[in-house]
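Report on the following structure.
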Amino acid sequence: MATMDDVRRIALSLPETTEELWYGTPGFKVRGKGFLRVKGETDDRLVVFVATSARRRRCSAPLRKRSPRRRTTTGTRSSWST
């Protein structure tokens with residue numbers, strides 16, 4: 001199993017990567033855009049951000065399209081509907 005030191009070494013080996021605190025845990029960014037962060041106080045989970053187009057190519061299950069949210073106004077109340 002990879003350790004946090006392994007994750008840090010691999011992430012920082014990528015061009016223009018920096019390590020910063022992100023939501024109070026270590027995170028890695030390229031030119032200010034985050035792509036990886038540690039989730040949890042025990043450093044046992046990682047969150048990896050993947051572009052939608054890459055996700056579509058790599059996932060076997062098709063992505064569900066979301067319907068756009070519309071704002072509706074009823075009397076004096078306004079709400080969001082899906």
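A few points about this structure:
- Criterion violated by Gly34 - all others in (1) at pLDDT 85 or above; (2) in a helix (DSSP H, G or I) satisfied: (2)
- Identity of the residue in the stretch 1-31, exposed (fewer than 13 other Cβ atoms within 10 Å of the Cβ) and among the basic types (Lys, Arg), that ends up modelled with the highest pLDDT: Arg9
The values are calculated or read from the model by the stated rules, or taken from the named source; none is laboratory data. Note that the structure is predicted; figures quoted are calculated from it, not measured. Glycine gets a Cβ as well: all are built from the backbone with ideal geometry, and neighbour counts include every protein chain shown.
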